[in-house]
Amino acid sequence: MAKIQLGVLFGSRSCEREVAIISAVQLMNHVDTEKYDVIPVYISEQGVWYTGAPLRDIKNYTPFNPDMKGIDQVALDITAGSGALIANRPGKGLFGHPTQEVVARLEVCVIVMHGLNGEDGTLQGFLQMMGVPFVGCDVLSSAVGMDKYVMKTVLKDNGIPVLDCKCYTSDQYDDDVDVLVSEIEKEIGYPVIVKPVNLGSSIGISKAEDRNELYASLETAFAYASKVLIERAVQNLKEINCSVLGDYSSAEASECEEPVSSDKILTFAEK
């Protein structure tokens, strides 16, 4: 039986790109090669797509060299259902014309992205429009799950307890940060957690225990996102991670794990 051509899409222009690379390399090295041909598809910081066997080696990302032997710059054929990765080839000889070559065809994709431009529904929507099936959340659930404020409202509307929060835009911050700080102090109080509304991996997140720290936390968070969420910091917090495999009809939860932090929060470096 022919092997399934499995595209592993990872990287992206997100500031969480490094985490995605680590996750993708781990996945590619543990795929059942009796069933699948693994096709790595790395999306660079500039948004350029590459494929080739060297992308399965973590050493080739420190730093990434787009001219390394064995990789091709490619584009995904936009014809619905094609799944073709197309590389441009230079013409041969003095008068040769450039040609296009299909270097791989993606039958199904695993999206290994962290953060914007991949985990937030954008890449899912692109693949769906191209008619390329993919593993994981669909466009809506990806978008809702990535936005902390929207996710809170959905959970709250369905009777699931969540912390109250405030959400502010960069325009409000630029207009008068003092108004924001006063409102946060009045309606939430210290200590607070300040978070970019649509990032993961603890990037841009910090805990503020007084007014000076709150100003600094807001500045940090708004450096990463145009919307920021603030909520009361839970003291003696116990953080639990749990993965779920399945869909709306059936699902299986993993064992739970408790990450250990040596700081106020579990930081990007620790993750």
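Can you work out which of the residues in segment 16-35 that are out of contact with any strand residue (DSSP E or B) (no Cβ under 8 Å at 6 or more places or on another chain) and not in a helix (DSSP H, G or I) is surrounded by the most Cβ atoms within 10 Å (Cβ to Cβ)? In this case the residue turns out to be Glu16.
Name the residues in segment 70-82 that are open to solvent by less than 60 Å² (accessible area, probe 1.4 Å) and part of a strand (DSSP E or B), would you? Within segment 70-82, Asp72, Val74, Ala75, Leu76 meet the criteria.
Gln235 falls short of the stated requirement of being part of a helix (DSSP H, G or I), farther than 28 Å from Cys137 by Cβ and open to solvent by 70 Å² or more (accessible area, probe 1.4 Å).
Quick grid of which residues meet (1) of a type in the set (A, V, I, L, M, F, W, C); (2) farther than 13 Å from Val112 by Cα:
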site: Lys3; (1), (2): no, yes
site: Val8; (1), (2): yes, no
site: Ser14; (1), (2): no, no
site: Glu34; (1), (2): no, yes
site: Leu55; (1), (2): yes, yes
site: Tyr61; (1), (2): no, yes
site: Asp77; (1), (2): no, yes
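Residue check: Thr220 meets all listed conditions (1) outside any helix (DSSP H, G or I); (2) surrounded by 14 or more Cβ atoms within 10 Å (Cβ to Cβ) but one, namely (1). Residues that are assigned to a helix (DSSP H, G or I) and within 18 Å of Asp37 (Cβ to Cβ) within segment 47-69 comprise Ala53, Pro54, Leu55, Arg56, listed in sequence order. Do the conditions hold for Gly189, that is, is it farther than 30 Å from Leu106 by Cβ, modelled with pLDDT of 95 or more, assigned to a loop (DSSP other than H, G, I, E, B) and out of contact with any helix residue (DSSP H, G or I) (no Cβ under 6 Å at 6 or more places or on another chain)? No: the conditions fail for Gly189. Looking only at segment 36-69, residues that are free of Cβ contacts under 8 Å to residues at least 24 places away in the same chain and open to solvent by 50 Å² or more (accessible area, probe 1.4 Å) come to 8 in all.
Table: residues versus (1) in a loop (DSSP other than H, G, I, E, B); (2) at pLDDT below 90; (3) exposed (fewer than 13 other Cβ atoms within 10 Å of the Cβ).
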position	(1), (2), (3)
Asp171	no, no, yes
Asp178	no, no, yes
Glu185	no, no, no
Ile193	no, no, no
Ser201	yes, yes, no
Gly204	yes, yes, no
Glu213	no, no, no
Glu231	no, no, no
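Of everything listed in (1) surrounded by fewer than 16 Cβ atoms within 10 Å (Cβ to Cβ); (2) free of Cβ contacts under 8 Å to residues at least 24 places away in the same chain; (3) of a type in the set (A, V, I, L, M), the single unmet condition for Leu163 is (2). Taking the criterion of being buried (at least 23 other Cβ atoms within 10 Å of the Cβ) and on the phi < 0 side of the Ramachandran plot, the residues of segment 1-15 that qualify are Gly7, Val8, Leu9, Phe10, Ser14. Can you tell me which residue is modelled with the highest pLDDT among those in segment 115-152 that are polar (S, T, N, Q) and open to solvent by 60 Å² or more (accessible area, probe 1.4 Å)? Ranking the qualifying residues of segment 115-152, first place goes to Gln128.
The values are calculated or read from the model by the stated rules, or taken from the named source; none is laboratory data. These numbers were taken from a predicted model, which means no experiment stands behind them. Cβ coordinates were reconstructed from backbone atoms using ideal geometry, including for glycine residues, and neighbour counts include every protein chain displayed. Just the protein is used for accessible areas: all its heavy atoms, side chains included, with ligands, DNA and RNA removed. Shrake-Rupley method; radii C 1.70, N 1.55, O 1.52, S 1.80 Å.
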